[in-house]
Amino acid sequence: MKLSVATLALFAAVAEAFQAGKPTARARTGLNGEGSAETLVKTPPAGVDPAFDALVKANFPGAVNNKELATRVVGLLEEKGFTPENTLLATSVCADELARELEDEFVDVYGTNFNLGGLSGFPFAGNTGWGAMSAHVPDNGYCLTIHGPHVGITKDGVIGKVERSGIALVDSCCGSAIAASRYLQAITDGSANINPKIQSFSDFQQGAVQELILPFGQRLARAENRMRELPYALYDSQEVMVNDIINTGKAKIKKGLAVLGGIQINTSPDTFDYFHPLRFDYYDENGNMVENMLPYLR
Ligand SMILES: [Zn+2]
């Protein structure tokens, strides 16, 4: 059997991961010049692009790039006793591969995550998922959960779209959220068709997103920029579910629980992604929320 250089490199990376005893981040995909001339190839950014950084922060005040976020979060949690060996990472972010960008920053530190999330970032694994996750926290260990919806921003500042690796079309991000927003808009302006098939198991997550966004019709209709407001409305909706799940299961977490919530901001393949933190709470071993750590992330 003849192995390509890429396959051999993959084997070497896997071997290294086993030796380290902790899984590394998922391999990041990219095309080797096989895409059309217009497509972008995923390359890790060399550094912060100051003009684009300013553009993101003008649209999302409070946003920090993912690298900076991970450095601050990991440092703060280290002071609490969180280490790569005693911490389980749990996430609730969208199914979209772009949502892995944020996860991977933390998977690099804490190892493979427990996935609680589904479309638009809602924690569809629910109470049962949380119960299983909390049982997997190392003995006398900690849990870091990260949750939130995501939104794209193009290089020239269009919100709700993003350039993707290997794809010429600059398309919607988050697709699930935007589909739900269109559904809601049709209900708000009275153009929606009567749908006799309200829920179906073959698309039940999107059905739920469309239901969970319903209270925000006026808020989105009045927003200066509907696409900018959309992830914040979804975040507020997700908080209701997240709090319900945490309040039911928080006492089962062993030593301590950190809950990081916010908006994930996806950007083109050659710039850093960002995160706007909206919540960073610390719960002690009895399940009591004892510290708001959000100010330390700003
Ligand atoms: Zn999405």
Please go through (1) modelled with pLDDT of 95 or more; (2) under 25 Å from Pro61 (Cβ atoms); (3) exposed (fewer than 14 other Cβ atoms within 10 Å of the Cβ) for His150 and return the number of the only condition it doesn't satisfy.
(3)
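Go through segment 69-186 and tell me which strands (runs of 3 or more DSSP E), entirely inside it, have 3 or more residues that are acidic (Asp, Glu) and within 16 Å of the ligand (Cβ to nearest atom). Spell out how you get there, then give the answer.
Values: elements: 87-92, 142-147, 150-152, 161-164, 167-172.
Of the strands (runs of 3 or more DSSP E) lying wholly inside segment 69-186, none has at least 3 residues that are acidic (Asp, Glu) and within 16 Å of the ligand (Cβ to nearest atom).
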Within segment 187-210, which residues are more than 16 Å from the ligand (Cβ to nearest atom), of a type in the set (Asp, Glu) and either touching an Asp or Glu at 6+ places or on another chain (Cβ under 6 Å) or not in a loop (DSSP other than H, G, I, E, B) (or both)?
none
Only one of Leu220, Leu260 is buried (at least 16 other Cβ atoms within 10 Å of the Cβ), at pLDDT 95 or above and touching a Pro at 6+ places or on another chain (Cβ under 8 Å). Can you tell me which?
Leu260
For segment 186-212, pairs from a residue that is under 21 Å from Pro149 (Cβ atoms) to a residue that is of a type in the set (S, T, N, Q) and modelled with pLDDT under 90, with Cβ under 7 Å and 6 or more apart or across chains, are Gly207/Gln199; Gly207/Ser200
For segment 32-59, which residues satisfy the criterion of being in contact with a strand residue (DSSP E or B) (Cβ under 8 Å, 6 or more places away or on another chain), under 24 Å from Leu169 (Cβ atoms) and either modelled with pLDDT of 90 or more or among the basic types (Lys, Arg) (or both)?
Lys42, Leu55, Val56, Asn59
With respect to Gly111, is the statement that it is in contact with a Phe, Trp or Tyr (Cβ under 6 Å, 6 or more places away or on another chain), within 27 Å of Thr271 (Cα to Cα) and modelled with pLDDT of 95 or more true?
no
What are the residues in segment 252-298 that are outside any loop (DSSP other than H, G, I, E, B) and farther than 19 Å from Ser92 by Cα, if any?
Met289, Val290, Glu291, Asn292, Pro295, Tyr296, Leu297
How about segment 130-176: which of its residues are free of Cβ contacts under 8 Å to residues at least 60 places away in the same chain, under 20 Å from the mean Cα position of the chain (by Cα) and under 21 Å from Thr91 (Cβ atoms)?
Met133
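The values are calculated or read from the model by the stated rules, or taken from the named source; none is laboratory data. All of these numbers come straight from a predicted model, not from anything done at the bench. Glycine gets a Cβ as well: all are built from the backbone with ideal geometry, and neighbour counts include every protein chain shown.
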